[in-house]
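S.K.: One structure coming up, written as structure tokens, with questions to follow.
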Amino acid sequence: MSAELSTPLPLVGGKQPSPQHPLGPLTASEITNSSQLIKSLWPTQTNIQFKSITLQEPSKAELVPFLAAERTAQATPTIDRRSFVVYYIRNTDKLHEAIVNLTHGKVESNLRLGPNVHSNADGDEMNAVERIALEDEGVKAELAKLQLPEGTVVISDPWIYGSDGINEGLFTDAKRMFQCFLYIRDPKNSSEADSNHYAMPLSISPVVSAETMKVTRIDNLPTGIDATTKEPSPYKVQPANEYISEAQTLRTDLKPLNVIQPEGASFQISNFSEQGHNVSWQKWTFKVGFNQREGMVLYDVYYAGRPLFYRLSLSDMNIPYADPRHPYHKKAAFDLGDAGAGIMANNLQLGCDCLGSIHYLSAVLNDDKGKPLEMPNVVCVHEQDNGIGWKHTNYRTGRAAVVRNRELVLQSIITVSNYEYILAFIFNQAGDVMYEVRATGILSTQPIDEGISVPWGTVVHPGVLAAHHQHIFSLRVDPMVDGPLNRVVYDEAHAMPRSDFNPHGVGYTVTETPITTSGGYDLDIDANRTFKIQNSTVKNPINGKSVGYKIMTPPFQKMLADQDSFHFKRAEFADHNIYVTSYKDGELYAGGKYTNQSRGGTGVRSWADRKDNVLDDDIVVWVQFGINHIPRIEDFPVMPCEIIKVHLKPVNFFDKNPALDVPPSEQRFNKSVLASTSHQQEVGAAVIGQSGEVCCVKEASKL
Ligand SMILES: [Cu+2]
């Protein structure tokens, strides 16, 4: 049911009732009300640049009783609706964060932040910076030295400036800036707006101030084997390297593969608020929210009526680059905090991004003027068949028991300049929740002199270097496995010492160690170390073990930048596979609330340093995963998806395989067809002759 509040809530002006659920993403009118209330704090001519206007989620102390009442269809307590607003006075460094009480129509707090605190870039600002970099007379003069062919189109990719602690004149990172990397479109095809400019990088890099919105500096990029830079000289145009289909000779032997669900999809979706959605599917129920920073957020995740997760979201990501030379040494993108997984979400298209019976969720965010910004089709919900779920054939009877593995996918795709991330929560029928990242899109490229190679990057095209970089993600898991108080333990498997009991030296045992203090913890492949979230007060009725969910997260190389580097200080999550912290309201982002040109000290490493008790308490588990992306030439001009997946999997939570009740996989349901009779296999068989002897053995087909 939706949580209808019994008494109408006064909004701005006290006129409008707003029966909004406390977890419902802000509505368009709430966004407008928020920005109006902020504007009313300032003189009327003040030009405010709104960075984000998003739901200020209620405290857990308020929300837990609400959700409990909602679940049992009791009257829900009243919770004020609040928004969290981040804004600048435009063209200044005056950054503010405010909390607006929408229920009572007032600004509850309004703080000036800084120094060295900077907000995310926004779309309008990025477009303006692109234009400013290219219109600057100094940049034009530098470009002229390249003697580009007439009609060449120059493209500017503004990058978040990064941090290096240098505060010297024009080389300061104390002010918010953009480092623009320049490229050209293929001059032979310059009218093609989708030409891959990353195949044609230039060595000129303007820096634009976010305050003055002017070019403050023009860097020449190093293009050799060391850090020396050269004055721009005539540019050698290399062949194009396009990814668009019309530039390819397309293969012609691909037959259609249609996903048809003749009776529709097996999930149900309803609204729990104007912008919030309930999803139920195969014993799973949860709520879906969406915000500027995290994109999709799942709340109140239950399986078969048992609580599992209070909140799940991608909390942060960091992509530090390997090139040590100025200005590349500052490249370390925090795509959520510097840009926003919500605001960068693609408008997903039917028949392209997901197959089958698709339901799309749309969202409303804000623009820089504080107006609502419609974000259509930012999440697609669909089912997929992922092969066999489980199978056994009794070889004595020949009877095969088999079920398919049906999955529910909630997918969102973000584009952050050159790169794409396909982000998905995936549920199955065996109680697993998975979080999958597919990294794709185009490598961030830079110019390199022809005929050389460097050990911090890969040449992917003549004159084009793709520097090595790490992608490090942090999934925030706020668990409530069979109740609000949980612990994290880790299992290790160890060889049993030789003894009279183990005389052959083959035995091994598993130990379980609880984590008592908040901190960062690591996988140990040699010990098969496995982290589990448990509820120690609920025991499995069969084996007496604590019910739990294990975290299967792939190993990755931790951040390579050294511990004194700004990369390391800023990405507070990048040094451990797992962080466990005690729950505190507002601790949502592993790299801290403000990542743009951040200095560190505001993220999960700092919270873990409180050394809080995390045993049988309200805890948060931060799961890190990633790849060290050593570019291949095959990753260019567009990268085949690199897939990384975290599994949350029941351990002693059920009393047997929870997918036993999935109906058998049968032809009358699946309606498969034979592709070709030539693929039928003959079995090896012996034929008995008249006198009982084996007269011939037919060989199995080699097909
Ligand atoms: Cu990469």
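S.K.: Protein chains only, probe 1.4 Å: how do VAL139, VAL459 rank by accessible area, largest first? Write out the running numbers ahead of the final one.
M.R.: Numbers: VAL139 0, VAL459 55 Å².
Accessible-area ranking of VAL139, VAL459, largest first: VAL459, VAL139.
S.K.: To continue, here is another question. Would you kindly state the longest site-free stretch of the chain, with sites defined as GluC sites (Glu not before Pro) in a DSSP loop (not H, G, I, E, B) surrounded by at most 13 other Cβ atoms within 10 Å?
M.R.: Numbers: sites that count: GLU4, GLU150, GLU263, GLU450, GLU666, GLU682, GLU693, GLU699.
Answer - 451-665.
S.K.: Among the listed pairs LYS391/LYS671; LYS584/LYS645; LYS558/LYS656; LYS283/LYS545, give every one whose C-alpha distance is greater than 30 Å. Write down the numbers at each step before the final one.
M.R.: On the way: LYS391/LYS671 19 Å; LYS584/LYS645 27 Å; LYS558/LYS656 37 Å; LYS283/LYS545 23 Å.
Where the Cα-Cα span goes over 30 Å, the pairs concerned are LYS558/LYS656.
S.K.: With n ≥ 4 as the cut-off for DSSP H runs, can you work out [θ] at 222 nm for the chain, using -39500 (n - 2.57) per run divided by the number of residues, rounded to the nearest 500?
M.R.: Details: 7 runs with 59 residues, N = 703.
Dividing the helical sum by the residues of the chain leaves -2500 deg cm²/dmol.
S.K.: Whole Å is fine, so just give me how far the alpha carbon centre of region 49-74 lies from that of region 226-288.
M.R.: Region 49-74 and region 226-288 have Cα centres spaced 31 Å from each other.
S.K.: With a point put 7 Å past each Cα toward its Cβ, work out how far LEU350 is from LEU41 in nm, to one decimal.
M.R.: Roughly 4.4 nm, to one decimal.
S.K.: With charges set only on the Cβ (+1 for Lys and Arg, -1 for Asp and Glu), what does the dipole of region 317-451 come to about its Cα centre, in debye to the nearest 20?
M.R.: Details: 11 positive and 15 negative charges, 133 e Å.
Once rounded to the nearest 20, the dipole reads 640 debye.
S.K.: Let me ask something additional. In the chain, what is the volume of the convex hull around the alpha carbon atoms, normalised per residue and reported in Å³? Don't jump to the answer; show the numbers that get you there.
M.R.: On the way: hull volume 159.5 nm³, N = 703.
Given the Cα convex hull of the chain, per-residue volume reads 227 Å³.
S.K.: Along the Cα→Cβ direction, 7 angstrom out, place labels at LYS214 and ALA401. What is the inter-label distance in nm?
M.R.: 7.7 nm
S.K.: Next up: Could you put PHE290, PHE566, PHE573 in order of accessible surface area, largest first, with the 1.4 Å probe and the full protein assembly present? Before the final figure, lay out each step's value.
M.R.: Values: PHE290 25, PHE566 45, PHE573 0 Å².
Ranked from most to least accessible, the order is PHE566, PHE290, PHE573.
S.K.: Whenever you get a sec, line up PHE178, PHE556 from highest to lowest accessible area (probe 1.4 Å, protein heavy atoms). The partial results should precede the final answer.
M.R.: On the way: PHE178 0, PHE556 25 Å².
These residues rank, largest area first, as PHE556, PHE178.
S.K.: Over the Cα atoms of region 123-170, what Rg and Dmax result, in angstrom?
M.R.: 13.7, 41
S.K.: With a probe of 1.4 Å, find how much accessible area region 177-280 has per residue, and write the answer as a whole number in Å².
M.R.: Details: 5560 Å² over 104 residues.
About 53 Å² of surface per residue is accessible.
S.K.: At 0.36 nm per residue, minus the direct Cα-Cα distance, what do ILE643 and ASP564 gain on full extension? Give it in nm, one decimal, please. Each step should come with its number before you reach the end.
M.R.: Working: separation 79, 0.36 × 79 = 28.44 nm, distance 3.07 nm.
Length gained between ILE643 and ASP564: 25.4 nm.
S.K.: Set the Förster radius R0 to 41 Å, insert the Cβ-Cβ distance between ARG599 and LYS255 as r into 1/(1 + (r/R0)^6), and round the FRET efficiency to 0.05. Each step should come with its number before you reach the end.
M.R.: Details: r = 55 Å, r/R0 = 1.35.
Between ARG599 and LYS255 the formula returns 0.15.
S.K.: Let's test the formula: R0 of 51 Å, r as the Cβ-Cβ distance of ASP661 and ILE633. What FRET efficiency results, to the nearest 0.05?
M.R.: Values: r = 49 Å, r/R0 = 0.95.
Efficiency at R0 = 51 Å is approximately 0.55.
S.K.: Then there's this: I'd like the distance separating the alpha-carbon centroids of region 117-135 and region 321-379, in whole Å.
M.R.: Answer, in whole Å: 16.
S.K.: Quick check for region 49-141: number of Lys pairs with alpha-carbon distance under 28 Å, counting only pairs 8 or more apart or on different chains? Present the calculation step by step, with values, prior to reporting the outcome.
M.R.: Numbers: LYS51/LYS60; LYS51/LYS94; LYS51/LYS106; LYS60/LYS106; LYS94/LYS106.
Within region 49-141, the lysine pair count is 5.
S.K.: State the percentage of accessible surface on the chain attributable to carbon and sulfur atoms; use a 1.4 Å probe and exclude ligands, DNA and RNA. Before the final figure, lay out each step's value.
M.R.: On the way: 16840 of 31570 Å².
Answer for the chain: carbon and sulfur cover 53 percent of the accessible area.
S.K.: What full-extension length gain, to one decimal in nm, is calculated for LYS371 and ALA68 as 0.36 nm per residue of separation minus the Cα-Cα distance?
M.R.: 105.7 nm
S.K.: Quick one: accessible surface of HIS359, probe radius 1.4 Å, all protein chains present, in square angstrom to the nearest 10.
M.R.: It works out to around 70 Å².
S.K.: Where the centre of each part is set by its Cα atoms, how far does region 493-572 sit from region 606-620, in angstrom?
M.R.: Taking the Cα centre of each part, region 493-572 and region 606-620 sit 17 Å apart.
S.K.: Turning to a different aspect of this structure: Between LEU674 and ASP124, what length in nm is gained on full extension when 0.36 nm per residue of separation is reduced by their alpha carbon distance?
M.R.: Working: separation 550, 0.36 × 550 = 198.00 nm, distance 5.41 nm.
Once the chain is fully extended between LEU674 and ASP124, it gains 192.6 nm.
S.K.: What FRET efficiency would be calculated for the residue pair LYS236, ASP194, taking the C-beta separation as r and a Förster radius of 22 Å, to the nearest 0.05?
M.R.: Details: r = 23 Å, r/R0 = 1.06.
E(calc), rounded to 0.05, equals 0.40.
S.K.: Testing the spin-label approximation: label points 7 Å from Cα along Cα→Cβ at ARG90 and ALA265. State their distance in nm.
M.R.: 3.9 nm
S.K.: How many percent of Cα pairs in region 99-258 exceed 29 Å? Spell out each step's value before the answer.
M.R.: Details: 4691 of 12720 pairs.
Distances greater than 29 Å cover 37 percent of the Cα pairs.
The values are calculated or read from the model by the stated rules, or taken from the named source; none is laboratory data. Source: prediction; values computed, not measured. All Cβ positions, glycine included, derive from the backbone under ideal geometry; neighbour counts span all protein chains shown. Just the protein is used for accessible areas: all its heavy atoms, side chains included, with ligands, DNA and RNA removed. Shrake-Rupley method; radii C 1.70, N 1.55, O 1.52, S 1.80 Å.
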